[in-house]
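Colleague: Pasting a structure below so you can have a look.
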Amino acid sequence: MIPGKFEYFAPSSVKEAIGLLDRYGEDAKILAGGQSLIPAMRFRLAQPEILVDINRIEGLDYIRELDDYLAIGAMTREASLEKSALISQRYPLLADTAKVIADPLVRNMATVGGNLAHADPANDHPATMLAYDATLVAEGPDGDTIIGIDDFFLGLFETSLAKDQILKEIRLPKPGPGSGGAYLKIERKVGDYAVVGVAIQLTVENGTVTAARIGLTNVAGAPMRAKNAEAALIGNAPTGDILEKAGQAAAAECEPWSDLRGSEEYKRDMVRIVTKRAIRKAVERVGA
Amino acid sequence: MSITESDKDVRITTPADVCGMGHRMKRKEDPRFIQGAGHYVDDIKLPGMLYLDIVRSPHAHAKILNIDASAALALPGVLAVITGQDLKAAGNLHMMPTLMSDTQMVLPIEKVVYYAQEVCAVVATSRYIAADAVELVKVDYEPLPAVVDPFQALKDEVIVREDKEKKSNHVWHWETGNKDATDEVFSRSSKVVKQKMHIPRIHVSSIETCGMVADWDKINEHMTIYMTSQAPHAHRTVVSLVSGIPEHKIRVISPDIGGGFGGKVPVYPGYVCTIVASLVTGKPVKWIEDRSENLQADSFARDYHIDAELAADANGKITGLRVKTLADDGAADAAANPSKFPAGLYSIGTGSYDMEAAHFEVDAAYTTKPPGGVAYRCSFRVTEAVHMIERMTDIMAHDLGQDPAEFRMKNFIKKEQFPYHSPTGWDYDSGDYHRALRLAMDLIGYEDLRKEQAEKRQRGELMGIGISSFTEIVGAGPSKDFDILGIKMFDSCEIRIHPTGSAIVRIGVQTQGQGHETTFAQIVAEELGLPASAITVEHGDTDTAPYGLGTYASRSTPTAGAAAAVAARKIRDKARKIAAYLLEANEEDLEWDVNKFMVKGSPTRAKTIQEIAFAAYTNFPQGMEAGMEAVNYYDPPNLTFPFGSYICVVDIDKGTGEVKVRRFVAVDDCGNIINPLIVEGQIHGGLTMGLAPALFEEIVYDENGQNLSGTFMDYLLPTSMETPKWELGKTVTPSPHHPIGAKGVGESPTVGAPPAIANAVVDALWHLGVRHLEIPITPPKIWKILRDNGIDED
Ligand SMILES: Cc1cc2nc3c(=O)[nH]c(=O)nc-3n(C[C@H](O)[C@H](O)[C@H](O)COP(=O)(O)OP(=O)(O)OC[C@H]3O[C@@H](n4cnc5c(N)ncnc54)[C@H](O)[C@@H]3O)c2cc1C
């Protein structure tokens, strides 16, 4: 469990970090919380020659509600999300998510930015950010780029970030009237990656769902939205049959595989069950 | 923690300042552990120390065509790469004996026989260089077909051990009990239930992995070995026999050990390589496994495929048990059983029930998987036996339409039948099974739970109640039957009382977290009246501790614990003589009271043990030897038979198939209790280790013999979050033959818990036609049953 050889840089500004990424190209990797990257290096699944540690860069760790959106610095630790009163009161879907990622030790180090940039469909934030319709801000040699979450995930461990871009900020729409959200995850034990996870953010007006976005965890080769399930909900009252329909739609459109977490069939059925439960919980929160 | 029953049955004869048996003394070892001052093998750092790392096989079964170490040797800091050929040249060290008179490769020459097998060892000046060098060793393999399933293996289409004379994967056949009598009983019994079950392959997963520092002193031709060992003396003897180094030139030190659970009894290839590396380089060499190596290559536990039949008469009285079993040994029979017991103490499988006859047959097969299996927190296959009989009992009760508690009560061996001679030849020393189960039922509110279950079932909710009333067999063991590699399974204690009345106690067993430093002090305090706080307990250093066979199989209290009491009594005998001299009285006129001898009838004429100890060095009778010390090698007359009754309540999520253990009551009877606090700690840990295989843990291989659960991401150790609140109760039935009436407790909960949980889940699903579920009972297994029966969430 000893990683291969690497060179280590600890830049103190984003510009400096971008300069290093630019110089070393494919050989370099950003080190954020290290909770995905370091295990991969210890198993020698990843053997980067250069590590660019961005932990010393100031000003990337914040949670701020602005006029138009909630801004989260990419280096914000999961533990900060978990402890934030603002998040737990106004962003229940995000609060749910932070609580079920790994264990407290990992959450003290792991960052929201790293969780997204890693683009692991087993990670929980991708589904949540898809459901929130988040916007990401990345900086590269040519300045800032704004990326819609739907355009961010390209595949397993693959994002639209260029090699010399650093994810700086995640922006979430502020909760509007009638909105609610929830994240539910089935795990084999606490701290496990999801067997399945469902993130939902919806708006209910006069008993009818007017907007809904659903993200799924660990049931496809890349983080995915359950668009058919969303369609099944929108324009309908979120009860009985409609929940079942949405659940079935999500179960049909995901692409799980059989492994130690369960058979493909089992996972699809869990997507159905958990989708229904997550919708119910989100709707309850609309009322609250 | 919740203690549902008080310590009212716990025997206490000493005041708190003496702190003998029965006191809730805090563990003497904890200050150093809590403050991070424990000293483990990986904390040993010697000047000039080298590091060893191991190249492992990516195949379960493959011919080795070539090993090219040139690139590794070219890396600065690499001193040697040791191969099987090298070991062979050094005196046939490429093979080693297992504890079960089988052989096992240290390093391969022809082929590898399991995934992650040790292929060669790299020695370098730092851990990092060694790890880099491992990557640089180029091994060419020609893959051979793997054989993962032991039933398939018995067809002998793929031979695992071509090095053996017998070209077959069948390792051995073993029987016990009376076949004819059992067949006869079955032929006249009106009710027979049958069930196949698999007790899956699991791993001890101690927090500390295995490791060693070997330090060869060329000048004095002396080898010091720091080793993660549960049995340092036995390991010293083995090292001497295998290496040819005279035993007095070997010192094995087992420092603080971070959990053993049976996994630190076997000798692993890494140890041998480390010793050879130190001999070759003349330098101290350290080897510490990483987690995956530990999980993937070190001895597994269990892996019994059981085919059981239980017979009863028309009234539901159990009459007989017939069991056939196939043991999956992996690539060598590296079990850690006493020599005469290839299937360990599996024949305890008639359990807590009185029956006329029983017959057990066990066969073992080689497969291309790591060798084993160790007695994981279990007295040699007792866990497998108890799971079998407790599942069978439940199936029989359910099949007969009888309440499983009532059924057990009807079939228990009665209190007045002890000592009880079992149909497989064991003499159970003592027990009161009815009382333990009744107490467990009262603590959990059994009758009310059954009512609740009936109501819930009406509403379509799934709730189950499971019982396990187990009997253990521990404390191996009497020398007439028990040995390991010929060494009898006695154990030992040496006590020295210092002039000022404090003492050192040295024992032949070795703690890995059980609290020996506290409990052995309490035993001696009980016998001599010296405060337990004034008694140092030492173990784990073969140069100082008396010879013993080590700690596993719940044997420390039954064997070395007895030795401590007997040695203390020898000291008391001498103390009586000195007291008589000091008090100018006849020995017969003295009586012992907690910590002093006094003249009968005149309590003011007394000498405390401290005064007597001082006199033993300063003022003793002419002709008497000075000093106060004693040693005892205790050969137990019988094993001890701890028992208990566990009841578990589960709720099942109809949507996901998840099992929630709502309540778990454990009533244990381990005879007289040395320290209730430590006993409860042992039970808490043991229950969690029983929950683990019931619901979570399993080592899984694919059809190519690749380990799919080789990290803690996929080998699912439960955490405190998965663990229910354990509710404990106790009864006390002292062992009649043990000097302090104690029985051993470390393993009861690991052994007793899995069937209680499995029985509860089956109980919740019995009305759907479910008779049995293989452990670990994971949500997908239950989900399948639910959906097959048209059950979905409301
Ligand atoms: C035991 C364990 C259990 C876990 N369980 C879960 C779980 O249940 N759910 C879950 O979601 N996650 C889980 N994780 C993963 C954890 O949340 C990771 O921390 C997270 O996926 C990555 O965040 P990090 O800050 O640690 O990133 P790092 O590991 O440092 O980096 C991950 C990747 O992202 C890149 N990167 C990081 N930050 C940036 C940035 N600002 N811009 C561009 N690229 C960047 C890195 O170069 C690297 O490729 C678990 C981890 C462990 C060790």
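The values are calculated or read from the model by the stated rules, or taken from the named source; none is laboratory data. Note that this is a predicted model, so its numbers are computed, not measured. So basically every Cβ, Gly included, is an ideal-geometry build from the backbone, and we count neighbours across all protein chains shown. Please note that ligands, DNA and RNA were not included when accessible areas were found on the heavy atoms of the full protein model with its side chains. Shrake-Rupley method; radii C 1.70, N 1.55, O 1.52, S 1.80 Å.
Colleague: Cβ contacts < 8 Å: first residue in the same structural domain as A:LYS281 (by TED's automatic domain parsing), restricted to segment A:92-108; second residue within 10 Å of the ligand (Cβ to nearest atom) and of a type in the set (Lys, Arg), any location; separation 6+ or different chain. Result?
Modeller: If the second residue must be within 10 Å of the ligand (Cβ to nearest atom) and of a type in the set (Lys, Arg), no pairs are left.
Colleague: Condition test on A:ILE72, is it away from chain B (no Cβ under 14 Å) and near the ligand (Cβ under 8 Å from one of its atoms)?
Modeller: Values: away from chain B (no Cβ under 14 Å): yes; near the ligand (Cβ under 8 Å from one of its atoms): no.
Spelling it out, it is not the case that A:ILE72 is away from chain B (no Cβ under 14 Å) and near the ligand (Cβ under 8 Å from one of its atoms).
Colleague: Which strands (runs of 3 or more DSSP E) does segment B:34-83 wholly contain that include 3 or more residues that are touching a Ser or Thr at 6+ places or on another chain (Cβ under 7 Å)? Talk me through it step by step, then tell me what you get.
Modeller: Values: elements: B:50-56, B:62-68, B:78-82.
Passing ranges, in order: B:50-56.
Colleague: Take the conditions closer than 30 Å to B:ASN169 by Cα, in contact with a Gly (Cβ under 7 Å, 6 or more places away or on another chain) and within 14 Å of chain A (Cβ to nearest Cβ) and apply them to B:ILE54. Does it pass? Give the steps one after another, and end with the answer.
Modeller: On the way: closer than 30 Å to B:ASN169 by Cα: yes; in contact with a Gly (Cβ under 7 Å, 6 or more places away or on another chain): yes; within 14 Å of chain A (Cβ to nearest Cβ): yes.
The answer is yes for B:ILE54.
One line per residue, one yes/no per condition, for (1) touching a residue at least 60 places away in the same chain (Cβ under 8 Å); (2) not acidic (Asp, Glu):
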site: B:VAL10; (1), (2): yes, yes
site: B:ALA16; (1), (2): no, yes
site: B:GLY38; (1), (2): yes, yes
site: B:TYR51; (1), (2): yes, yes
site: B:LYS63; (1), (2): yes, yes
site: B:ASP68; (1), (2): yes, no
site: B:VAL81; (1), (2): no, yes
site: B:ASP102; (1), (2): yes, no
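Colleague: Give the residue that is farthest from B:TYR268 (Cα to Cα), with candidates limited to residues of segment B:90-103 that are out of contact with any helix residue (DSSP H, G or I) (no Cβ under 8 Å at 6 or more places or on another chain) and either open to solvent by less than 30 Å² (accessible area, probe 1.4 Å) or modelled with pLDDT under 95 (or both).
Modeller: My answer is B:GLY91.
Colleague: Still on this structure, I have one more. Considering only segment A:11-21, I want to know if a residue exists there that is within 13 Å of the ligand (Cβ to nearest atom), open to solvent by 30 Å² or more (accessible area, probe 1.4 Å) and touching a residue at least 12 places away in the same chain (Cβ under 8 Å).
Modeller: Just the residues of segment A:11-21 that are within 13 Å of the ligand (Cβ to nearest atom), to begin with: A:11, A:14, A:17-18, A:20-21.
Among the residues that remain, those that are also open to solvent by 30 Å² or more (accessible area, probe 1.4 Å) are: none.
Looking for residues that are within 13 Å of the ligand (Cβ to nearest atom), open to solvent by 30 Å² or more (accessible area, probe 1.4 Å) and touching a residue at least 12 places away in the same chain (Cβ under 8 Å), one finds none in segment A:11-21, hence no.
Colleague: Can you name every residue in segment B:326-341 that is surrounded by 22 or more Cβ atoms within 10 Å (Cβ to Cβ) and touching a Lys or Arg at 6+ places or on another chain (Cβ under 9 Å)?
Modeller: Listed by number, the residues that qualify are B:ALA327, B:ASP328, B:ASP329, B:GLY330, B:ALA331, B:ALA332, B:ALA335, B:ASN337.
Colleague: Still on this structure, I have one more. Say we look at segment A:248-269 and pick out the residues that are part of a helix (DSSP H, G or I), facing chain B (nearest Cβ under 10 Å) and touching a helix residue (DSSP H, G or I) at 6+ places or on another chain (Cβ under 8 Å); which of these is nearest to A:ALA182 (Cα to Cα)? Give the steps one after another, and end with the answer.
Modeller: Residues of segment A:248-269 part of a helix (DSSP H, G or I): A:248-253, A:264-269.
Subsequent filtering for residues that are facing chain B (nearest Cβ under 10 Å) retains A:265-267, A:269.
Going one step further and asking which of them are touching a helix residue (DSSP H, G or I) at 6+ places or on another chain (Cβ under 8 Å), we end up with A:266, A:269.
Working: A:TYR266: 22, A:ASP269: 19 Å.
Checking each candidate, the answer is A:ASP269.
Colleague: Another question, if that's okay. Where in segment A:149-221 are there strands (runs of 3 or more DSSP E), lying wholly inside it, with at least 1 residues that are open to solvent by less than 40 Å² (accessible area, probe 1.4 Å) and within 14 Å of chain B (Cβ to nearest Cβ)? Spell out how you get there, then give the answer.
Modeller: Values: elements: A:153-155, A:166-173, A:179-186, A:196-205, A:208-217.
Per the criteria, A:179-186, A:196-205.
For (1) open to solvent by less than 10 Å² (accessible area, probe 1.4 Å); (2) within 19 Å of the chain's Cα centre (by Cα), each residue gets a yes or a no:
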residue: B:ILE473; (1), (2): yes, yes
residue: B:PRO499; (1), (2): no, no
residue: B:ILE504; (1), (2): no, no
residue: B:ALA532; (1), (2): yes, no
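Colleague: Exactly one of these conditions fails for A:ASP53: (1) near the ligand (Cβ under 10 Å from one of its atoms); (2) away from chain B (no Cβ under 14 Å); (3) crowded, with 19+ Cβ neighbours inside 10 Å. Give me its number.
Modeller: (3)
The rows are residues; the columns are (1) within 22 Å of B:ASN220 (Cα to Cα); (2) open to solvent by 40 Å² or more (accessible area, probe 1.4 Å).
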| position | (1), (2) |
| --- | --- |
| B:HIS235 | yes, no |
| B:VAL238 | yes, no |
| B:GLY244 | yes, yes |
| B:HIS248 | yes, yes |
| B:ARG251 | yes, yes |
| B:ILE257 | no, no |
| B:PHE261 | no, yes |
| B:THR274 | yes, no |
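Colleague: Open to solvent by 20 Å² or more (accessible area, probe 1.4 Å), within 16 Å of the ligand (Cβ to nearest atom) and in contact (Cβ under 8 Å) with a residue 12 or more places away in the chain - does that describe any residue in segment A:227-248?
Modeller: Checking segment A:227-248: not a single residue is open to solvent by 20 Å² or more (accessible area, probe 1.4 Å), within 16 Å of the ligand (Cβ to nearest atom) and in contact (Cβ under 8 Å) with a residue 12 or more places away in the chain.
Colleague: Let me ask something additional. Among the residues of segment A:1-37, which ones are more than 14 Å from chain B (Cβ to nearest Cβ) and in a loop (DSSP other than H, G, I, E, B)?
Modeller: Passing the criteria: A:ALA10, A:PRO11, A:SER12, A:SER13, A:ALA32, A:GLY33, A:GLY34.
Colleague: What's the total number of residues in segment B:703-721 that are more than 23 Å from the chain's Cα centre (by Cα) and at the interface with another protein chain (Cβ under 9 Å from one of its Cβ atoms)? Give the steps one after another, and end with the answer.
Modeller: Looking only at segment B:703-721, we keep the residues that are more than 23 Å from the chain's Cα centre (by Cα), and these are B:703-708, B:713-714, B:721.
From the residues that got through so far, the ones that are at the interface with another protein chain (Cβ under 9 Å from one of its Cβ atoms) too are B:708, B:713-714, B:721.
The number of residues fulfilling the criteria is 4.
Colleague: Report those helices (runs of 4 or more DSSP H) wholly inside segment A:38-135 carrying at least 2 residues which are farther than 23 Å from A:PRO223 by Cβ.
Modeller: Details: elements: A:78-83, A:85-90, A:92-100, A:104-109, A:112-117, A:125-132.
Correct list: A:85-90, A:104-109.
Colleague: Still on this structure, please answer the following. Restricting attention to segment A:34-50, which residues are more than 9 Å from the ligand (Cβ to nearest atom) and polar (S, T, N, Q)?
Modeller: A:GLN47
Colleague: Against the definition (exposed (fewer than 14 other Cβ atoms within 10 Å of the Cβ) and more than 14 Å from the ligand (Cβ to nearest atom)), how does A:ARG64 come out, yes or no? Lay out the reasoning, then the answer.
Modeller: Values: exposed (fewer than 14 other Cβ atoms within 10 Å of the Cβ): yes; more than 14 Å from the ligand (Cβ to nearest atom): yes.
Taking the combined requirement at face value, the residue satisfies it.
Colleague: Look at B:ILE159 and say whether it is closer than 30 Å to B:ILE257 by Cα and open to solvent by less than 90 Å² (accessible area, probe 1.4 Å). Outline the logic, then answer.
Modeller: Details: closer than 30 Å to B:ILE257 by Cα: no; open to solvent by less than 90 Å² (accessible area, probe 1.4 Å): yes.
Criteria not met by B:ILE159.
Colleague: Every residue in segment B:109-131 that is open to solvent by 40 Å² or more (accessible area, probe 1.4 Å) and within 12 Å of chain A (Cβ to nearest Cβ), please.
Modeller: B:ARG127, B:TYR128, B:ILE129
Colleague: Moving on. Among the residues of segment A:115-137, which ones are under 18 Å from A:ALA162 (Cα atoms), open to solvent by 10 Å² or more (accessible area, probe 1.4 Å) and more than 9 Å from the ligand (Cβ to nearest atom)?
Modeller: Once the filter is applied, which keeps residues that are under 18 Å from A:ALA162 (Cα atoms), open to solvent by 10 Å² or more (accessible area, probe 1.4 Å) and more than 9 Å from the ligand (Cβ to nearest atom), segment A:115-137 yields only A:THR135.
Colleague: Of the conditions (1) among the basic types (Lys, Arg); (2) within 26 Å of B:ALA124 (Cβ to Cβ); (3) not in a loop (DSSP other than H, G, I, E, B), B:ARG302 satisfies every one except a single condition; which number is it?
Modeller: Of (1) among the basic types (Lys, Arg); (2) within 26 Å of B:ALA124 (Cβ to Cβ); (3) not in a loop (DSSP other than H, G, I, E, B), only one is false for B:ARG302: (2).
Colleague: Looking only at helices (runs of 4 or more DSSP H) that lie completely in segment B:675-794, which have at least 3 residues being under 28 Å from B:ALA563 (Cα atoms) and open to solvent by 10 Å² or more (accessible area, probe 1.4 Å)?
Modeller: Working: elements: B:676-695, B:748-765, B:779-788.
Where helices (runs of 4 or more DSSP H) fall fully within segment B:675-794 and carry at least 3 residues being under 28 Å from B:ALA563 (Cα atoms) and open to solvent by 10 Å² or more (accessible area, probe 1.4 Å), they are B:676-695.
Colleague: Still on this structure, I have one more. Pairs, please: C-beta under 6 Å, at least 6 apart or cross-chain, first residue at positive phi and in segment A:178-199, second open to solvent by 10 Å² or more (accessible area, probe 1.4 Å)?
Modeller: A:GLY178/A:THR203; A:GLY178/A:VAL204; A:GLY178/A:GLU205; A:GLY178/A:VAL286; A:GLY191/A:ALA102; A:GLY191/A:ASP103
Colleague: Could you please find all residues in segment A:81-104 being among the polar types (S, T, N, Q) and either within 12 Å of the ligand (Cβ to nearest atom) or open to solvent by less than 10 Å² (accessible area, probe 1.4 Å) (or both)?
Modeller: So the first thing to find is which residues in segment A:81-104 are among the polar types (S, T, N, Q), and the list is A:84, A:88-89, A:97.
The answer is A:THR97, and nothing else.
Colleague: From the set of residues in segment B:604-662 that are of a type outside the set (Val, Ile, Thr) and within 14 Å of chain A (Cβ to nearest Cβ), which is nearest to B:ARG438 (Cα to Cα)? First the steps, then the outcome.
Modeller: Just the residues of segment B:604-662 that are of a type outside the set (Val, Ile, Thr), to begin with: B:605-607, B:610-611, B:613-617, B:619-630, B:632-639, B:641-646, B:648, B:651, B:653-655, B:657-658, B:660, B:662.
Add one more test, that the residue is within 14 Å of chain A (Cβ to nearest Cβ), and what stays is B:653-655, B:657-658, B:660.
Values: B:ASP653: 30, B:LYS654: 32, B:GLY655: 35, B:GLY657: 31, B:GLU658: 30, B:LYS660: 24 Å.
Per the criteria, the residue is B:LYS660.
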